[in-house]
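Asker: Got a structure for you, written out below as structure tokens; questions coming shortly.
The values are calculated or read from the model by the stated rules, or taken from the named source; none is laboratory data. Small disclaimer: the values here were computed from a predicted structure and weren't measured. Here the Cβ is made from the backbone with ideal geometry for all residues, glycine too, and neighbour counts use every protein chain on show.
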Amino acid sequence: MERREAIKKLQELVGQELHELASEYGVTIYRNDKVNKGWAGHVFERHLGLPLNSAQCPNFGSWELKSIPLKFKKSGELAFKETMAITMIDSVNVCQKEFEDSHLLAKLKKAVIVARTVGSHVDQPSYIHSVTGIELSEELYEAVKADYNFVRNTLLDPKKGFNALTGKMGFYIQPRTKGQGHGSTSRAFYARPRFLACFINLSVSPQAG
DNA sequence: CTATGATCATCC
DNA sequence: GGATGATCATAG
């Protein structure tokens, strides 16, 4: 399936309620009393008829699927609720590869982002807001590259290294813990709301109309 | 257990 | 409200 084809398919979902889609595709939202935090993404993958897997390489060949939650501020405006996980940070890999060969850039260039509105709780209905692809402008490219190199330099620094990475780093892209249980041993690249705002127009809301 | 999916809980 | 670290489901 081509990226453009996938975007088209996903855009058919705009305005639909995610919980309904989840039950339709048999995606787990609740397991006992716990929430499956990746359910939203699974729903979209199911919609495209894709299998769930955890490979770091793009599942769909030429592109990557991502989803991001949006929330309504008191003013009624829409805002990003969370940062978006991009890809795992492999210390060795990052140290060896320049930005242009990195997983980070590869993922960003192939990403297809599904924005969806959420309430104050998981039980609140969630509607698909929009579907969009990432297009890095020169400015953005340089900015992201700077963040990547910042992480890279930290890893290369004998006095710092992998454990020195924290979510405080990075302007557009931040390194952050991501793993099971306390004391996560792994880190991943996350896109800050600031970065996402460059691609997603929050002033356009299907609901507010 | 680790990697990927993305959100929850908590601190400021 | 925004940012940072922790957490849960699924697949191998």
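Asker: Does A:F99 meet the test of being surrounded by 17 or more Cβ atoms within 10 Å (Cβ to Cβ) and within 14 Å of DNA strand C (Cβ to nearest atom)?
Answerer: It is false that A:F99 is surrounded by 17 or more Cβ atoms within 10 Å (Cβ to Cβ) and within 14 Å of DNA strand C (Cβ to nearest atom).
Asker: Another question, if that's okay. Name every residue in the range A:57-81 that is within 16 Å of A:F189 (Cα to Cα) and free of Cβ contacts under 8 Å to residues at least 40 places away in the same chain, in order of residue number.
Answerer: Kept after step one, since they are within 16 Å of A:F189 (Cα to Cα), are these residues of the range A:57-81: A:57-58, A:64-68.
If the condition is that a residue be within 16 Å of A:F189 (Cα to Cα) and free of Cβ contacts under 8 Å to residues at least 40 places away in the same chain, then A:C57 is the only one that fits.
Asker: So if I check each of A:G170, A:G119, which one is surrounded by 18 or more Cβ atoms within 10 Å (Cβ to Cβ) and in a loop (DSSP other than H, G, I, E, B)?
Answerer: Details: A:G119 fails: surrounded by 18 or more Cβ atoms within 10 Å (Cβ to Cβ).
Selected residue: A:G170, the only one of A:G170, A:G119 that is surrounded by 18 or more Cβ atoms within 10 Å (Cβ to Cβ) and in a loop (DSSP other than H, G, I, E, B).
Asker: Identify all residues within the range A:125-142 that are surrounded by fewer than 18 Cβ atoms within 10 Å (Cβ to Cβ), part of a loop (DSSP other than H, G, I, E, B) and either in contact with a His (Cβ under 9 Å, 6 or more places away or on another chain) or of a type in the set (D, E) (or both); write none if there are none.
Answerer: Within the range A:125-142, A:P125, A:E135 meet the criteria.
Asker: Can I ask one more? Looking at the range A:92-109, can you tell me whether even one residue there is over 19 Å from A:R187 (Cα atoms) and in contact with a strand residue (DSSP E or B) (Cβ under 7 Å, 6 or more places away or on another chain)?
Answerer: no
Asker: Quick check on the range A:10-31: of everything there that is within 19 Å of the chain's Cα centre (by Cα) and within 12 Å of A:L48 (Cα to Cα), which residue is surrounded by the most Cβ atoms within 10 Å (Cβ to Cβ)?
Answerer: Selected residue: A:L10.
Asker: As an exercise: evaluate A:K145 against (1) outside any loop (DSSP other than H, G, I, E, B); (2) modelled with pLDDT under 90; (3) charged (D, E, K, R); (4) in contact with a Phe, Trp or Tyr (Cβ under 8 Å, 6 or more places away or on another chain) and give the number of the one condition it does not meet.
Answerer: Going through (1) outside any loop (DSSP other than H, G, I, E, B); (2) modelled with pLDDT under 90; (3) charged (D, E, K, R); (4) in contact with a Phe, Trp or Tyr (Cβ under 8 Å, 6 or more places away or on another chain) one by one, A:K145 breaks only (2).
Asker: Using beta carbons and a limit of 8 Å, which pairs, at least six apart or on different chains, have the first residue in the range A:144-168 and of a type in the set (D, E) and the second one assigned to a helix (DSSP H, G or I)?
Answerer: Close Cβ pairs (under 8 Å, with a partner that is assigned to a helix (DSSP H, G or I)) amount to A:D157/A:A164.
Asker: Report every pair of residues separated by at least 6 positions or lying on different chains whose Cβ atoms are under 7 Å apart, first residue within the range A:123-139 and more than 14 Å from A:F195 (Cα to Cα), second of a type in the set (D, E) and at pLDDT below 90.
Answerer: Once the first residue is more than 14 Å from A:F195 (Cα to Cα) and sits in the range A:123-139, its partners that are of a type in the set (D, E) and at pLDDT below 90 give A:P125/A:E17; A:S126/A:E17; A:Y127/A:E17.
Asker: Looking at (1) within 28 Å of A:S75 (Cα to Cα); (2) away from DNA strand B (no atom under 11 Å from the Cβ), which is the one condition that is false for A:L136?
Answerer: (1)
Asker: For the range A:87-107, give me the residue count where each residue is among the small types (G, A, S), assigned to a helix (DSSP H, G or I) and farther than 17 Å from A:F195 by Cα. Outline the logic, then answer.
Answerer: Quick first cut of the range A:87-107, residues among the small types (G, A, S) only: A:91, A:102, A:106.
Right, trim to assigned to a helix (DSSP H, G or I) and you get A:91, A:106.
This time we only want the ones that are farther than 17 Å from A:F195 by Cα, so: A:91.
Going through the range A:87-107 one residue at a time, the tally reaches 1.
Asker: Taking A:T185 as the residue in question, decide whether it is in a loop (DSSP other than H, G, I, E, B), farther than 20 Å from A:E98 by Cβ and either within 14 Å of DNA strand B (Cβ to nearest atom) or touching a strand residue (DSSP E or B) at 6+ places or on another chain (Cβ under 9 Å) (or both).
Answerer: When the stated conditions are applied, A:T185 passes them.
Asker: Among the candidates A:V35, A:V43, A:V92, which residue alone is exposed (fewer than 15 other Cβ atoms within 10 Å of the Cβ) and at pLDDT 85 or above? Reasoning before the result, please.
Answerer: On the way: A:V35 fails: at pLDDT 85 or above; A:V43 fails: exposed (fewer than 15 other Cβ atoms within 10 Å of the Cβ).
Going through A:V35, A:V43, A:V92 in turn, just one is exposed (fewer than 15 other Cβ atoms within 10 Å of the Cβ) and at pLDDT 85 or above: A:V92.
Asker: Quickly run through the range A:70-95 and pick out the residues that are within 9 Å of DNA strand B (Cβ to nearest atom) and small (G, A, S).
Answerer: A:A85
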